[in-house]
1. Looking only at the range 1-19, which residues are free of Cβ contacts under 8 Å to residues at least 12 places away in the same chain, part of a loop (DSSP other than H, G, I, E, B) and more than 14 Å from ligand 2 (Cβ to nearest atom)?
2. State the number of residues belonging to the range 20-38 that are within 8 Å of ligand 1 (Cβ to nearest atom) and either in contact (Cβ under 8 Å) with a residue 40 or more places away in the chain or touching a strand residue (DSSP E or B) at 6+ places or on another chain (Cβ under 7 Å) (or both).
3. Restricting the range 38-63 to residues that are exposed (fewer than 14 other Cβ atoms within 10 Å of the Cβ) and away from ligand 2 (no atom under 14 Å from the Cβ), which is nearest to residue 108 (Cα to Cα)?
4. Restricting attention to the range 20-33, which residues are surrounded by 17 or more Cβ atoms within 10 Å (Cβ to Cβ) and assigned to a strand (DSSP E or B)?
5. Can you tell me which residues in the range 47-87 are more than 10 Å from ligand 1 (Cβ to nearest atom), over 17 Å from residue 19 (Cα atoms) and part of a loop (DSSP other than H, G, I, E, B)?
6. Checking residue 101 against (1) in contact with a strand residue (DSSP E or B) (Cβ under 8 Å, 6 or more places away or on another chain); (2) outside any strand (DSSP E or B); (3) under 17 Å from residue 46 (Cβ atoms): exactly one of these is not met. Which one?
7. What are the residues in the range 77-87 that are under 19 Å from residue 41 (Cβ atoms), in contact (Cβ under 8 Å) with a residue 24 or more places away in the chain and more than 16 Å from ligand 2 (Cβ to nearest atom), if any?
8. For the range 89-115, name all the residues that are more than 14 Å from residue 33 (Cα to Cα), modelled with pLDDT of 95 or more and away from ligand 2 (no atom under 16 Å from the Cβ).
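The values are calculated or read from the model by the stated rules, or taken from the named source; none is laboratory data. Everything numeric in this text was worked out from a predicted model, so none of it was measured. Cβ sites come from the backbone with ideal geometry, for glycine too, and all protein chains shown count toward neighbours.
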Ligand code: 5GP
Ligand code: ZN
């Protein structure tokens with residue numbers, strides 16, 4: 001197993017865990033882009049949005065609901081925040097284990113443009 005997020009899920013490497021249940025682990029990003037930067041990750045290894053099946057709809061919905069709960073717990077829901085799935089090379093995905101970024105705690109610049 002070489003996947004870094006699978007290793008975090010297996011507690012083989014440390015992370016600052018914010019939330020855990022039987023399906024999902026959420027932990028702080030090691031290189032935060034904002035005061036709140038949490039990654040919401042399914043425990044089952046799925047590479048990217050491109051690999052999702054119809055049957056995964058409930059899991060992905062749960063990821064969003066958990067991100068919302070964490071945003072509330074970390075006091076960033078009132079002012080707003082960003083949820084982001086990067087997908088594949090052009091989407092800038094670096095870790096090939098699907099993850100939802102929760103980014104907040106500051107006013108965020110709009111930065112989506114072709115490289
Ligand atoms: P991506 O670019 O794939 O959407 O985002 C991957 C994110 O994972 C990056 O923001 C990066 O900082 C974070 N990351 C990479 N390796 C680790 C790690 O070992 N621990 C934690 N907590 N975050 C990581
Ligand atoms: Zn993995």
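1. 14
2. Of the residues in the range 20-38, 5 are within 8 Å of ligand 1 (Cβ to nearest atom) and either in contact (Cβ under 8 Å) with a residue 40 or more places away in the chain or touching a strand residue (DSSP E or B) at 6+ places or on another chain (Cβ under 7 Å) (or both).
3. It comes out as 61.
4. 24, 25, 26, 27
5. 47, 52, 53, 78, 79, 80
6. Evaluating residue 101 over (1) in contact with a strand residue (DSSP E or B) (Cβ under 8 Å, 6 or more places away or on another chain); (2) outside any strand (DSSP E or B); (3) under 17 Å from residue 46 (Cβ atoms) leaves (2) as the failure.
7. 81, 82
8. If the condition is that a residue be more than 14 Å from residue 33 (Cα to Cα), modelled with pLDDT of 95 or more and away from ligand 2 (no atom under 16 Å from the Cβ), then 89, 90, 91, 92 are the ones that fit.
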